[in-house]
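**Q** To start, I am sharing the structure in question, which I have written as structure tokens.
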Amino acid sequence: STSQTTRETADCIFERLRFQITRLGSATPLTSHIFFIFGASGDLAKKKIYPTLWWLYRDGFLPERIRFIGYARSQITIATIFEHAAKYMKVENHERETFQKFVELNSYCVGHYDVEKDFQHLNDEANRLSKQESAHRLFYLALPPNVYESVTELISKHCRPKPPGWIRLIVEKPFGKDLQSSNKLSEHLSKCYVEEEIYRIDHYLGKEMVQNIIVLRFANHILSRVWNRDSIAAVIIIFKEDIGTQGRGGYFDQFGIIRDVIQNHLMQILSIVAMEKPRSTKGEDIRDEKVKLLRCISPVKPEDVVIGQYIGDKDSGDVEHQQGYLDDKTVPDNSTTPTYAQLILNINNERWAGVPFILRAGKALNEKKAEIRIQFRDAPGAMFDEDIRENDPNGRLARDELVMRVQPNEAIYLKLNTKRPGEMGFIIEETELDLTYGDRYQGVKLPDAYERLILDVFMGSKINFVRSDELQEAWRIVDPILELVDQKKLPLIPYKFGVFGIPEAFEAAAKHGYIFR
Ligand code: NDP
Ligand code: BG6
């Protein structure tokens with residue numbers, strides 16, 4: 001059956017990766033790897049990094065000779081870290097033995113983020129554990145940004161492996177707060193590291209459907225012919241969450257939704273949706289095209305922005321929905337940080353001039369969803385107008401739309417007009433050519449974004465990581481708006497927890513030519 005074949009294909013891919021990893025180890029039989037987790041006591045380490053390392057280890061993706069070292073200030077042990085991470089690791093009973101082996105490869109080192117001798121001690125510990133001063137070293141910075149500078153400097157100074165061992169530094173967002181602070185961080189990093197050593201993670205680049213955009217666009221002639229302003233009326237990239245800040249308000253309030261989601265995740269998706277065809281699938285070729293595209297976007301104008309903040313819905317039966325953003329104890333009482341934003345961008349190049357690219361993101365809405373909608377222009381001519389009006393006096397032929405659902409339930413579907421089956425005459429209805437992954441690829445496990453990305457770092461592949469010039473361009477586009485938001489110069493629209501969205505945003509999108517269906 002088809003799903004059987006697909007399953008086999010997926011297995012083949014995983015086998016090939018596993019083979020490449022094994023070769024990575026066997027080409028240099030003496031070389032081992034050390035994976036350091038900075039901020040090992042924290043939330044991201046517990047929820048994502050440790051579980052991901054375990055899954056990669058369990059599935060045989062990691063090099064044979066490897067050690068994992070957690071580092072943080074807290075006086076805890078590796079056992080405590082594993083206790084906290086246990087519920088995210090999802091260890092099955094039959095995996096207990098393998099899990100125990102994984103646990104034994106882990107250790108934890110207590111230290112400050114700005115004390116030289118703590119880093120010297122970490123280095124000694126790493127040499128002792130790996131019994132090799134030239135082991136390759138990967139550093140994951142699961143830390144708040146205020147300590148990035150000292151940590152990266154001290155790692156470079158005291159924890160570099162002896163050649164031929166390499167060092168790779170994985171940096172979590174936020175990469176700065178605006179263009180200036182981002183450039184400052186980039187300058188700092190470039191003093192201590194060469195660009196090849198830096199992996200700026202944007203976990204949306206590790207999502208299946210985001211990776212699929214490149215294939216869908218460039219491996220299908222039928223789509224590449226219509227992927228331009230002649231055929232496309234509008235593009236909308238949507239991020240929705242059905243939860244509020246949930247205790248992360250302290251972090252979130254300093255950033256807001258534009259910095260937290262739009263400047264990075266949505267802007268990355270936009271650049272892949274709109275870039276020209278890269279020369280090859282090599283990381284540099286793809287990233288060159290993304291930057292070229294971003295350079296064609298002018299900074300967002302205030303009239304193209306809608307921002308909002310959620311308030312509690314006192315009538316809701318759901319206790320969480322009764323709490324507004326300002327009710328979060330970690331948020332200052334008078335905060336005007338947006339939890340919802342819509343930005344409409346224009347790409348001033350030959351392919352896209354005049355086509356609105358609408359980036360919309362919001363927390364505390366009615367559902368969790370991320371999707372890309374490519375809306376095509378109206379079918380020309382009036383051939384079906386009378387048939388449509390017979391059924392609906394205000395009716396019009398719906399536009400075709402290609403939807404890529406990033407999450408949940410990955411899917412690609414094309415909305416089309418067809419004749420309602422069995423009816424006499426032309427009764428037109430919308431239907432879908434539907435590729436829902438859960439139906440088509442039954443039984444295929446889609447790896448978590450972090451699994452792919454951490455594996456990429458081991459392999460030295462940078463396709464799915466953000467280059468410093470990309471970052472610079474993305475900040476340049478949103479910077480003027482962030483300034484106005486920070487100065488409270490844009491109206492902040494309140495919306496109730498759990499609503500579908502903000503009407504003002506829908507109206508603005510419609511004004512730019514996106515027809516809501
Ligand atoms: P945490 O607040 O949990 O911080 C991680 C660790 O850093 C803490 O355990 C603590 O360790 C140390 N730390 C915390 N605050 C400070 C401080 N002010 N000064 C020095 N050290 C401090 O952060 P997260 O794990 O949530 O996030 C880490 C990074 O990952 C951040 O950059 C965040 O933006 C990013 N991120 C997080 C996501 C998540 O889901 N949590 C999702 C996407 C990105 P100790 O005191 O033991 O040294
Ligand atoms: C993070 C943001 O980068 O992405 C969070 O900081 C957001 O605020 C998260 O909740 C969403 O990620 P995902 O993979 O759950 O869509």
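Please treat every number below as a calculation from the coordinates, not as lab data. No experiment lies behind these values; they were computed from the predicted model shown. Positions of Cβ are generated from backbone atoms using ideal geometry, with glycine treated the same way; all protein chains shown enter the neighbour counts.
**Q** Only counting other Cβ atoms within 10 Å, I'd like Glu125, Glu320 sorted with the fewest neighbours first. Can you show the working numbers first?
**A** Details: Glu125 18, Glu320 15.
Least crowded to most crowded, the residues run Glu320, Glu125.
**Q** On to the next question. Going by alpha carbons, how many degrees (0 to 90, nearest 10) lie between the helix axis of 148-158 and the longest principal axis of the chain?
**A** Helix 148-158 sits roughly 40 degrees off the main axis of the chain.
**Q** Still on this structure, please answer the following. Between rounded, prolate and oblate, where does region 266-344 land on the alpha carbon gyration tensor, with a ≥ b ≥ c its root eigenvalues, rounded for a/c under 1.5, else prolate if a/b exceeds b/c? Let's see the in-between values first.
**A** Values: a/c = 3.46, a/b = 2.54, b/c = 1.36.
In terms of gyration-tensor shape, prolate.
**Q** What angle do you read, to the nearest 10 degrees and between 0 and 90, between the alpha-carbon axis of helix 468-486 and the longest principal axis of the chain?
**A** Helix 468-486 sits roughly 60 degrees off the main axis of the chain.
**Q** How would Met459, Met89, Met267 line up from fewest to most surrounding beta-carbon atoms within 10 angstrom?
**A** Numbers: Met459 13, Met89 18, Met267 28.
So the residues, fewest neighbours to most, are Met459, Met89, Met267.
**Q** What does the charge add up to near Leu326, with Lys and Arg as +1, Asp and Glu as -1, over the other residues with Cβ less than 13 Å from its Cβ?
**A** Details: positive: Lys329; negative: Asp253, Asp327, Asp328, Asp333.
Taking every other residue near Leu326 into account, the sum is -3.
**Q** Name the shape class, rounded, prolate or oblate, that the alpha-carbon gyration tensor gives for region 147-256, where a ≥ b ≥ c are the square roots of its eigenvalues, rounded holds for a/c under 1.5, and otherwise prolate holds if a/b is larger than b/c and oblate otherwise. Mind showing how you got there, number by number?
**A** Numbers: a/c = 2.52, a/b = 1.53, b/c = 1.65.
Taking the square roots of the gyration eigenvalues as a ≥ b ≥ c, region 147-256 is oblate.
**Q** Can you put Trp227, Trp166, Trp475 in order of Cβ neighbours within 10 angstrom, beginning with the fewest? Provide the component values of the computation, followed by the final result.
**A** Numbers: Trp227 20, Trp166 17, Trp475 23.
Fewest-to-most Cβ neighbours within 10 Å comes out as Trp166, Trp227, Trp475.
**Q** Also, quick follow-up: Compute the Cα gyration tensor for region 60-131, then decide on rounded, prolate or oblate, letting a ≥ b ≥ c be the square roots of its eigenvalues: rounded whenever a/c is under 1.5, prolate when a/b is larger than b/c in the other cases, and oblate in all that remain. If you can, show how the numbers build up before the last one.
**A** On the way: a/c = 3.13, a/b = 1.57, b/c = 2.00.
Oblate is the answer for region 60-131, as a/c is 1.5 or above yet b/c matches or exceeds a/b.
**Q** For region 384-480, state which GluC sites (Glu not before Pro) are in a DSSP loop and have at most 12 other beta carbons lying within 10 Å of their beta carbon.
**A** Working: sites: Glu386, Glu390, Glu401, Glu410, Glu423, Glu429, Glu430, Glu432, Glu451, Glu470, Glu473; in loops: Glu410, Glu423.
For GluC sites (Glu not before Pro) across region 384-480 that sit outside H, G, I, E and B with at most 12 neighbouring Cβ atoms in 10 Å, the list reads Glu423.
**Q** Could you tell me what fraction of 2.2 N^0.38 Å the Cα radius of gyration of region 341-437 comes to, as a two-decimal ratio?
**A** Working: Rg = 16.9 Å, N = 97, 2.2 N^0.38 = 12.5 Å.
Working it through for region 341-437, the quotient is 1.35.
**Q** In nm, give the distance between the simple-model label positions of Glu104 and Leu435, each being 7 Å from the Cα along the Cα-to-Cβ direction.
**A** Inter-label distance under the simple model: 4.5 nm.
**Q** Something else now. Counting pairwise Cα distances across the chain, what percent come out greater than 46 angstrom? Let's see the in-between values first.
**A** Details: 21028 of 133386 pairs.
Tail of the P(r) past 46 Å holds 16 percent of the pairs.
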